[in-house]
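These notes are about the structure you will find just below.
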Amino acid sequence: MAPRYKLSYFQLTGLGEPIRLLFHYGGIAFEDNRIPKDQWPAFKSGAPLEQLPLLEVDGKVLFQSIAITRYVAHIVGLDGKTALENSEIDAVVDSVNDLRSKTLNWAYETDKAKKAQLAAALFAEPFPFFLNKFESWASKNGGYLALGRLTWADIYAIAILDFLGSIFKKNLIEGHPNLIKMRENVVSIPRIKAWIANRPKDVIQFD
């Protein structure tokens with residue numbers, strides 16, 4: 001009997017979306033448990049680190065978003081074939097997450113003037129630096145970020161870059177032809193394309 005999967009995350013794409021995309025890529029059924037913001041306080045105390053996402057596998061609770069994403073990637077065959085390959089994939093994923101982490105102060109800032117200053121600083125340095133690095137990796141790997149083939153690094157990157165683009169209301173990969181090619185390599189996969197066309201809209205706003 002196949003395992004039962006239950007993914008718990010907020011009502012948005014964010015860190016839950018790479019996991020959802022991988023499940024859809026693999027054609028694996030899972031429960032997409034989207035927790036409304038007003039229900040989060042009651043749910044929070046039962047989470048191992050009081051954060052989301054969580055993945056239940058036949059009742060066993062997995063936590064930490066990248067660890068969960070890596071686990072599902074292994075199930076669907078988008079991890080590396082050797083320890084060295086996995087290291088290359090992990091380095092890309094960690095780099096994307098480094099970029100995401102630099103936006104957190106902006107996301108939680110409530111003062112509009114300070115928020116605008118933080119956004120300007122992000123687009124002056126971290127975004128160009130990281131996006132140019134990603135562009136060079138995608139160029140080297142023929143439209144992928146690692147190993148010259150589709151891996152979970154590509155799916156993770158596209159999920160996070162699309163999410164960041166949506167909250168900043170910018171096409172972050174515009175002007176980066178190899179990242180555009182990488183995105184197309186991901187979103188044109190039939191099961192992923194179908195999911196993106198019909199997935200729920202994000203509820204939580206950051207502006």
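Looking at the range 145-162, can you tell me whether even one residue there is in a helix (DSSP H, G or I), closer than 21 Å to D202 by Cα, under 19 Å from the mean Cα position of the chain (by Cα) and of a type outside the set (A, V, I, L, M)? Yes, some residue in the range 145-162 is in a helix (DSSP H, G or I), closer than 21 Å to D202 by Cα, under 19 Å from the mean Cα position of the chain (by Cα) and of a type outside the set (A, V, I, L, M). Number of residues in the range 160-186 that are touching a helix residue (DSSP H, G or I) at 6+ places or on another chain (Cβ under 6 Å) and either open to solvent by less than 50 Å² (accessible area, probe 1.4 Å) or more than 24 Å from S95 (Cα to Cα) (or both): the value is 9. The residues of the range 74-107 that are part of a helix (DSSP H, G or I), within 19 Å of G165 (Cβ to Cβ) and open to solvent by 50 Å² or more (accessible area, probe 1.4 Å), listed by number, are D98, S101, L104, N105.
Listed by first and then second residue, the pairs with beta-carbon distance under 7 Å, at least 6 apart or on different chains, first residue in the range 43-62 and under 21 Å from R20 (Cα atoms), second outside any strand (DSSP E or B) and aliphatic (A, V, I, L, M), are P53/L15; P53/I19; P53/I68; L54/A47; L55/I19; L55/I68; L62/I68.
Within the range 29-40, the set of residues being of a type outside the set (F, W, Y) and either open to solvent by 40 Å² or more (accessible area, probe 1.4 Å) or in contact with a Leu (Cβ under 8 Å, 6 or more places away or on another chain) (or both) comprises A29, E31, D32, N33, R34, I35, K37, D38, Q39.
Could you check the range 51-61 and list, in sequence order, the residues that are out of contact with any strand residue (DSSP E or B) (no Cβ under 7 Å at 6 or more places or on another chain) and either open to solvent by less than 70 Å² (accessible area, probe 1.4 Å) or within 21 Å of T13 (Cβ to Cβ) (or both)? Within the range 51-61, Q51, G59 qualify. Filtering the range 119-157 to residues that are within 20 Å of P18 (Cβ to Cβ), open to solvent by 40 Å² or more (accessible area, probe 1.4 Å) and free of Cβ contacts under 8 Å to residues at least 60 places away in the same chain leaves K133, W137, Y144, R149. Considering F134, F123, F130, F63, the condition of being of a type in the set (F, W, Y) and in contact with a Pro (Cβ under 8 Å, 6 or more places away or on another chain) is satisfied by F63 alone.
Here Q64 fulfils each of the conditions (1) loosely packed, with under 15 Cβ neighbours inside 10 Å; (2) within 23 Å of V92 (Cβ to Cβ) apart from (1).
When you look at K114, is it loosely packed, with under 13 Cβ neighbours inside 10 Å, among the charged types (D, E, K, R), part of a loop (DSSP other than H, G, I, E, B) and modelled with pLDDT of 95 or more, yes or no?
Spelling it out, it is not the case that K114 is loosely packed, with under 13 Cβ neighbours inside 10 Å, among the charged types (D, E, K, R), part of a loop (DSSP other than H, G, I, E, B) and modelled with pLDDT of 95 or more.
The values are calculated or read from the model by the stated rules, or taken from the named source; none is laboratory data. The shown structure was predicted, so the numbers you read here are calculated from the model rather than taken from an experiment. Heads up, the Cβs are rebuilt from the backbone with ideal geometry, glycines too, and the neighbour counts pull from every protein chain shown. For accessibility, only protein heavy atoms count, side chains too; no ligands or nucleic acids. Shrake-Rupley method; radii C 1.70, N 1.55, O 1.52, S 1.80 Å.
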